[in-house]
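The values are calculated or read from the model by the stated rules, or taken from the named source; none is laboratory data. The model shown is predicted, which means the values in this text are computed figures rather than measured ones. Please note: Cβ atoms are built from the backbone with ideal geometry, for glycine as well, and neighbour counts cover all protein chains shown. For accessibility, only protein heavy atoms count, side chains too; no ligands or nucleic acids. Shrake-Rupley method; radii C 1.70, N 1.55, O 1.52, S 1.80 Å.
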Amino acid sequence: MKNAHIHPDSTCTDNDLWYMIKADSVDAFNEVYSRYWDLLFHVTMKRLQVREIAEEIVQDTFIILWEKRHTIEITALKPYLFAITRYAVFHYLASKQTIASRMKALSDITPNDADIESLVNDRLLLQLIETIANELPEKSRQVFYYNKLLDYSIPQAAETFNISTKTAEGHLTKALKILRLKLSALHSTLF
């Protein structure tokens, strides 16, 4: 690969660095990291105002870049890094809004004993489902977790795991089938 054996430095273009990263150059990756970390963090922090979350999102951006270096095609490195980061920020804000709206809906309810019991039962059921989900085959568990517990759409979950939407649907169907069987078996032994 072009420039794969050149030691990267601040004079290398993004394009050169990307070729080196695709050739597994940790030094080139570190150069990109030091070149863009502060900029991505500043933009993310400005949007989120929470240091830990901003750091986590920027860190995840670089993890994605490294993990997908052999499977993605990038024509411009900087816009790609910003796109990944922006998507993560939007996803975080959307999930935070979803959680906030759920919490508001719960706080609007004046709980009586039946409501509290129902909430406890729902929480126990969720814990039970998570326990059973941990026994699922790896890919099925991941797709189930992202789709049902993190509110990812099937296409988003598929993209996260670099699989087709059809494959993700198959994993989810398998997970739900196993969960139904285990829950009904548990139900019949309890009642």
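Looking across the stretch 11-28 at every residue that is open to solvent by 30 Å² or more (accessible area, probe 1.4 Å) and free of Cβ contacts under 8 Å to residues at least 40 places away in the same chain, the one that is farthest from Arg69 (Cα to Cα) is identified as Thr11. For the stretch 145-163, residues that are more than 17 Å from Ser95 (Cβ to Cβ) and open to solvent by less than 60 Å² (accessible area, probe 1.4 Å) total 3. Could you give every pair whose Cβ atoms fall below 8 Å, whose first residue belongs to the stretch 40-51 and is without any contact (Cβ under 8 Å) to a residue 40 or more places away in the chain, and whose second residue is open to solvent by 100 Å² or more (accessible area, probe 1.4 Å), counting only separations of at least 6 or pairs across chains? Final answer for the pair search is Met45/Arg51. Within the stretch 69-93, residues that are open to solvent by 60 Å² or more (accessible area, probe 1.4 Å) sit with their Cβ atoms under 9 Å from residues that are of a type in the set (S, T, N, Q) and assigned to a loop (DSSP other than H, G, I, E, B), at 6+ positions apart or across chains, in these pairs: Thr71/Asn162.
Yes/no matrix, rows are residues, columns are (1) more than 20 Å from the chain's Cα centre (by Cα); (2) at pLDDT below 65; (3) not aliphatic (A, V, I, L, M):
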| site | (1), (2), (3) |
| --- | --- |
| Leu106 | yes, yes, no |
| Leu119 | yes, yes, no |
| Asn134 | no, no, yes |
| Leu150 | no, no, no |
| Glu159 | no, no, yes |
| Leu183 | yes, no, no |
| Phe191 | yes, yes, yes |
